[in-house]
Amino acid sequence: MSQALDEIKIGGLGASRKRVEDNRFIRGKGNYTDDITLPGMLHMEILRSPLAHARIVSIDASKAWDIPGVHLVLTGEMMATRNLAWMPTLSYDTQAVLATDKVRFQGQEVACVIADDPYIAKDACEAIEVEYEPLPVIVNPEQAVAEGAPVIRDDKENQDSNVIFDWEVGDAAGTDRAFEQADVISKLRLHYPRSHPSPIECCGSIADFNRATSKLTVYMTTQAPHIIRAAVALVAELPEHMIRIISPDIGGGFGNKVPVYPGYVCSILASILLERPVKWIEDKTGNLISTGFARDIYLDGEMALRRDGKILAVRMHCDSDHGAFFSDAQPSKFKIGLLHSAFAAYDIPVAHLSARGTYSNKAPGGVAYRCSFRVTEAMFFQERMMQAAADDLGLDQAEFRRMNFVRDEDFPHRTPFGFLTDSGQYAKCLEVGLKAIGYEDFRRQQASARERGRLLGLGISTMTEPLGAGNSREYDILGIKMFDSAELKVHMTGKAIVRTGARTQGQGHETTWAQIVSHELGIPAEDVVVEEGDTDTAPFGMGTYASRSTPVAGAAVAMVSRKIRAKARKLAAHLLEVSEEDVEWELGRFYVRSAPDRGVTIQECAMAAYSNMPDGMEPGLENTAYYDPPNLTWPFAVYIVTVEVDPETGVWDVLTTVAVDDCGVRINPMIVEGQIMGGLTEAYAMANMQFITFDAEGNCVGSNYMDYLLPTAWETPGFELHSEVVTPCPHHPIGAKGIGECAAVGGPAAFVNAVMDALSGTGVRNIDMPLLPDRVWEAITYRRDVSGAPPVRSDD
Ligand code: MCN
Ligand code: CUM
């Protein structure tokens, strides 16, 4: 009789364990950066540029210095004397810390004041007199490359245009040939607008430099503390072992907390100069106007199609607007992130993608926001193109996708852009989704509603996306290879602590990593504490983004647990007085193969590691694992949405949303569902209501929550989730694939496709997100495509 523990009961793999971090969060006992107060702490505020593009004639800070309670005013000029006016970005560009020569976007950091409290600092910012000489403004890629456009980055040698890169991937000649063979060519032009992660907690930092110990401790809202430590060491030329970065609780990241922001750098310098702790907490407007935006990218897409529906080739050209500094975080090899993961779910012989990135007078951005490096755009473009192509061929939306899917038996599959996908059951997921939504029935309802003047629509989005940035052969940021780590210490009573190089921002790592340890060792999850985010204690890792934590750090947790189990086996053999080969494992216990009743628990082995180890064995039960994954993980998802559009007002309501996610083995099904619901909520918000753009003068329109709407429970539709399809990841130690971004990546196209489907037959091919009622109304009324690309009229 097996004496193995019941894995679900101990909170192992597959247990919908309640999130342990919520014990403190729902009691208001979280410890966020702004909750921390240090003795003698001062406060920093940032003066931002009101103009989008202007030469700085002069900065006079004398009145600010005179205000009682002001300790320091930092300007670009002062930063320059310490070689800190500019800093390197995560994409081999430079970014102004505080402006010296020009301001290049509205909201750019111009000066900082450090004072006794934030109110004095804010008042003092207003007392700084800056004289600007306005320059012509660029707010889109077309203007950026127009004849005679002002060169935004005239600070850079040899930069005589606004083009950052021209990049291509795929087979141009082969694609051209395939297009010559096509029966039908389907074309679509799209703009994926700027969107902003807007976590509830803004960015912030507290720098604490101690002259006596030479140690710099920085509490900050970062998703990647070790990378920040390395950046501070390299940029500020401080010794790395004297830098300690601590990410306390983070109130949502969504990619917003990956970049290095000037506020972090200024608070550090101020603390070094003043030898006192300096706190900077960004306000909402500062966050919305200046920190990492996402998307803002245009697509010209074309598909070469055979009459029967076979896709012969895909051609994509993208123009991306990166704002004033190319500061996206992305793997060094790929200028436009993983945009070329587009069409990975479909069996397409040949494809070509060209991408041109340009500067503009907008806040730097492009990547962050539940994106895994532009996968969000890739899947949106793909699924909008799939819908348009099916329409152009007069084929059924579902059937067109099904016939072009990579089939279950075709894995591993090399995509036309060079990725290797390794597993999935695409057709099965689609069947589950169609059944759940009642596809055939809905099509009938839709037709009869049409006859009565009612506009119903159904949108499908099916996609596989690359999650888990790593393997170190292909993925690095600034040359730092992408892998991750876990350290596990099992104490003598069998309780344990696990630390990783990732950093949770709400995803629930404190809950799920313990479940992996439980699965591997049989230690109840409640006996395992998880700690992340302190560079003095956590093993080196690349942080949390690109849904890489489970694929990489989570894998490391499994691997380090296995190392611990291997040592525990030796201890068990010693305790049981048999040879190691005679020892068997079942969850939580080693036993003698020939006498299964004779066994020792993992806790007994732990005690022995400190009190009764065999001669010659190194004491203790601790280890570290660094994990370099062989491939990305490729979750698959089907999102199907039905809507009703009111032709009189352009308002559209979601009727049903069905999600079928296959993210391999689910560690914690409840957390996975939370991730999917959160992602769908964001997808709905992007498709329906979130509008942040720029007028011709470069004023940011929508930099407040009156314009940039966050969906509440009231406007968010219900979601029906399906989990019956599970294709384990073939290379992940526990078969898990990433999930953190799937629904935000695949969701938007489902909502937009549904509205466009409701408008089918009107000749309207596209409405750019967000599908605001006035845009939908304009499309229906004038039977034309509606774009939301900037500039917008400032009197709108
Ligand atoms: N999980 C699981 N089983 C799987 C896959 C994941 O139980 N097969 C669990 C994980 O263990 C983890 C959570 O689901 O607790 C998300 O895991 P994963 O897909 O590995 O993603 P990350 O932990 O790396 O999170 C990053 C991802 C990104 S990049 C953005 S952006 C985003 C997202 O997560 N930001 C978020 N979801 C967020 N959710 C919250 N609440 N807050 C954010 O800032
Ligand atoms: Cu791109 S947003 Mo997440 O990867 O932190």
Would it be correct to say that GLU604 is more than 16 Å from ligand 2 (Cβ to nearest atom) and either touching a Ser or Thr at 6+ places or on another chain (Cβ under 9 Å) or not in a strand (DSSP E or B) (or both)?
yes
Of the conditions (1) touching a Ser or Thr at 6+ places or on another chain (Cβ under 8 Å); (2) among the polar types (S, T, N, Q); (3) surrounded by fewer than 20 Cβ atoms within 10 Å (Cβ to Cβ), GLN223 fails just one. Which one is it?
(3)
Give me the residue from segment 761-796 that is of a type in the set (S, T, N, Q) and at pLDDT below 95 and, out of that set, nearest to LEU393 (Cα to Cα).
THR762
Out of (1) within 16 Å of ligand 1 (Cβ to nearest atom); (2) more than 17 Å from the chain's Cα centre (by Cα); (3) part of a loop (DSSP other than H, G, I, E, B), the odd one out for ALA329 is which?
(2)
Quick one: count up the residues across segment 675-708 that are of a type in the set (Gly, Ala, Ser) and either away from ligand 2 (no atom under 16 Å from the Cβ) or in a loop (DSSP other than H, G, I, E, B) (or both).
5
Please enumerate the residues belonging to segment 409-422 that are in contact with a Gly (Cβ under 7 Å, 6 or more places away or on another chain) and either surrounded by fewer than 15 Cβ atoms within 10 Å (Cβ to Cβ) or not hydrophobic (A, V, I, L, M, F, W, C) (or both).
PRO416
Within segment 559-580, is even one residue within 44 Å of the chain's Cα centre (by Cα), in a helix (DSSP H, G or I), modelled with pLDDT of 95 or more and hydroxyl-bearing (Ser, Thr, Tyr)?
yes
For a quick check of your reading: which helices (runs of 4 or more DSSP H) sit entirely within segment 183-296 and have at least 2 residues that are under 30 Å from GLY747 (Cβ atoms), among the small types (Gly, Ala, Ser) and under 21 Å from the mean Cα position of the chain (by Cα)?
284-290
Filter pass, ASP422 being under 29 Å from ALA313 (Cβ atoms), of a type in the set (Asp, Glu) and out of contact with any helix residue (DSSP H, G or I) (no Cβ under 9 Å at 6 or more places or on another chain):
yes
Candidate set from segment 333-384 (those that are within 16 Å of ligand 2 (Cβ to nearest atom) and of a type in the set (S, T, N, Q)); member that is nearest to TYR545 (Cα to Cα):
SER372
Only residues that are in a strand (DSSP E or B) and surrounded by fewer than 24 Cβ atoms within 10 Å (Cβ to Cβ): list them for segment 347-383, please.
VAL350, SER354, ALA355, ARG356
Of all residues making up segment 733-760, the number that are more than 30 Å from LEU521 (Cβ to Cβ) and modelled with pLDDT of 95 or more
17
Does PRO277 satisfy being more than 16 Å from ligand 1 (Cβ to nearest atom), surrounded by 22 or more Cβ atoms within 10 Å (Cβ to Cβ), touching a residue at least 40 places away in the same chain (Cβ under 8 Å) and at negative phi?
yes
Residue count, segment 696-741 (criterion: touching a residue at least 40 places away in the same chain (Cβ under 8 Å) and over 26 Å from ASN361 (Cα atoms))
25
How about segment 762-780: which of its residues are in a loop (DSSP other than H, G, I, E, B), touching a residue at least 40 places away in the same chain (Cβ under 8 Å) and under 15 Å from GLY457 (Cα atoms)?
ARG765, ASN766, LEU771
What are the pairs, 6+ residues apart or on separate chains, where a residue within segment 184-200 that is polar (S, T, N, Q) has its Cβ under 7 Å from a residue that is within 16 Å of ligand 2 (Cβ to nearest atom)?
SER195/ALA294; SER195/ARG295; SER195/TYR369; SER195/MET686; SER195/GLN690; SER198/ASN287
Unique residue being surrounded by 19 or more Cβ atoms within 10 Å (Cβ to Cβ), out of contact with any helix residue (DSSP H, G or I) (no Cβ under 9 Å at 6 or more places or on another chain) and farther than 27 Å from PRO596 by Cβ when the list is PRO539, PRO551
PRO551
Return yes or no: is PRO748 more than 10 Å from ligand 1 (Cβ to nearest atom), part of a helix (DSSP H, G or I) and under 30 Å from THR421 (Cα atoms)?
yes
I need every pair where a residue in segment 508-522 that is farther than 19 Å from ARG548 by Cβ and more than 11 Å from ligand 1 (Cβ to nearest atom) has its Cβ under 8 Å from the Cβ of a residue that is among the basic types (Lys, Arg) and not in a helix (DSSP H, G or I), sequence separation at least 6 or different chains.
GLY522/ARG589
For segment 496-513, state whether one or more residues are acidic (Asp, Glu) and surrounded by 24 or more Cβ atoms within 10 Å (Cβ to Cβ).
no
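The values are calculated or read from the model by the stated rules, or taken from the named source; none is laboratory data. The shown structure was predicted, so the numbers you read here are calculated from the model rather than taken from an experiment. All Cβ positions, even for glycine, are placed from backbone atoms using ideal geometry, and neighbour counts span all protein chains on display.
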